[in-house]
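The next block holds one structure in the form of structure tokens; read it before the comments.
Coordinate-derived values only; no laboratory data. Because the structure is a prediction, the values reported are computed rather than measured. Cβ placement follows ideal geometry from the backbone for every residue including glycine, while neighbour counts extend to all protein chains displayed.
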Amino acid sequence: MIEEIEKHLADLKKIKIIDTDGLEKFRIKYISKKGIVPHLFSQLKNVPDSKKKEVGLKINSIKQTVNEIITIHKEKLSDKSQDDSFEDLTKPANFLKLGSRHPISIVKNKIIDIFLKVGFDISEGPEIEDDWHNFTALNLAEHHPARDMQDTFYISKNPDWLLRTHTSSVQIRHMENNDPPIRTISPGRVYRNEDISARSHCFFHQVEGLYVDKAVSFVDLKQTLLHFTKELFGKSKIRLRPSYFPFTEPSAELDIYWGLETEADYRITKGTGWLEILGCGMVDPNVLKNCNIDSEKFSGFAFGLGIERIAMLLYQIEDIRTLYENDLRFLNQFKSSI
Ligand code: PHE
């Protein structure tokens, strides 16, 4: 019997298992109820007492070796089956986790989309501007009090370099380089030297629009903005409130009727139902002249809005700072096809 056992031990050293089927066959052969190991144990009663201990230990060592072989191969084969999944080109691809767009980009793209469809193009310009494009060409002479309206980050004095306070500067550049008809929107980041709080930040994003052609009137402005508010908010009641901007005359603020259905509506509209959305007006003839456009022949309208404000409205975001914190738990909530 010892010889038989030694032979099994020698066999085990040479064993080759290449797949899970082979492993299962091996398990059945050695340790299933009718396998070699139980069979050997059942023979133990025929072994003389003096040899029982030695033979028993040997059978046990077979059992142990078999178990070790099974454990090792189980691990190996499960690793291999994972490797195989990469090689098997017929298997479905691994799922790639998709990111989501930033809410500011979503709203910006929505606004761009609305205006592209009615014939506007997109213009962009530098964030570091000179005084001419940010102020002077926009009808804000050197000591114009309205310069205080937009607290400015100056980079240098003489020559005046600053961080643009609005993307109206892009409109000036666009008018300098293009002849009417002009229909353009200028999305971009702007900077203002303001305290950071839940409602304001030292930078934000704008989309400004400009339309210059023969006989552009206030009616065109109103109709364009009505179309915009219908598309973006699904609201069709607007009002234009007289206002003041140095670069437009007359100037107005556009309010939309948001409604007073929920408690939140009361809070965000301060109980009035109306919400201020953007500033606008007819381009001041001086601005056209500054860009070498004949103000006798051409007229235009312009408007400008803050993207953050609108994103906060649409997504009921209470604190502007959450837009810049890059907290994935916040950002992952925004899925959009645009
Ligand atoms: N440039 C103005 C601002 O940043 C917005 C505006 C643009 C107002 C065009 C009127 C016309 O506040």
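Some values worked out for this structure:
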read-out: Rough spin-label spacing in nm, given labels placed 7 Å along Cα→Cβ, for Lys117 and Lys214; value: 3.0
read-out: Label-zone membership for the range 62-77, site Glu6, 7 angstrom Cα→C-beta point, backbone N under 16 Å; value: 62
read-out: Mean-position separation - Cα centroids, the range 26-66 and the range 266-338, in angstrom; value: 84
read-out: Three-way shape label, the range 216-265, alpha-carbon gyration tensor, a/c 1.5; value: oblate
read-out: GluC sites (Glu not before Pro) restricted to DSSP loop in the range 134-212 with at most 11 other C-beta within 10 Å; value: Glu142
read-out: Potential lengthening between Thr272 and Thr20 on full extension [0.36 nm per residue; Cα-Cα distance subtracted]; value: 83.4 nm
read-out: Dipole magnitude of the range 1-80, debye to nearest 20 (Cβ charges: Lys/Arg +1, Asp/Glu -1, about Cα centre); value: 160
read-out: The range 2-85: C-alpha gyration tensor shape, a/c 1.5 cut-off, then a/b vs b/c; value: prolate
read-out: Label point 7 Å beyond Cα of Leu328 along Cβ direction - residues of the range 97-116 with amide nitrogen under 18 Å; value: 97-103
read-out: Relative contact order of the range 1-147, defined on C-alpha pairs under 8 angstrom at six or more residues apart (%); value: 18
read-out: Most fluctuating residue given options Ile293, Ile18, Ile122, as computed from a GNM of the chain linking Cα atoms under 10 Å; value: Ile18
read-out: Whether the chain is rounded, prolate or oblate, judged on the alpha carbon gyration tensor where a/c under 1.5 counts as rounded; value: prolate
read-out: Low-density loop positions, GluC sites (Glu not before Pro), the range 229-338 - DSSP coil, at most 13 other Cβ in 10 Å; value: Glu261, Glu296, Glu318, Glu325
read-out: Added length on full extension, which subtracts the Cα-Cα distance from 0.36 nm per residue, Lys97 to Trp161; value: 18.7 nm
read-out: Share, in percent, of DSSP beta bridges within the chain that are antiparallel, nearest 5; value: 95
read-out: Percentage relative contact order, the range 267-338, counting C-alpha pairs under 8 Å, at least six apart; value: 24
read-out: GNM result for the chain, Cα springs below 10 Å: residue of Pro48, Pro159, Pro103 fluctuating most strongly; value: Pro48
read-out: CD proxy at 222 nm, helix term only [per DSSP H run n ≥ 4: -39500 (n - 2.57); per residue of the chain; nearest 500]; value: -13000 deg cm²/dmol
read-out: Histogram of C-alpha separations across the range 196-318, 5 Å bin width, %; value: 2, 10, 18, 21, 18, 14, 8, 5, 3, 1, 0
read-out: Glu176-Tyr315 pseudo-label distance in nm [points 7 Å out on the Cα-to-Cβ vector]; value: 3.5
read-out: Normalised convex hull volume, the range 19-133, alpha-carbon set, Å³ per residue; value: 250
read-out: Length-normalised contact order for the chain - Cα pairs under 8 Å, 6+ apart - percent; value: 16
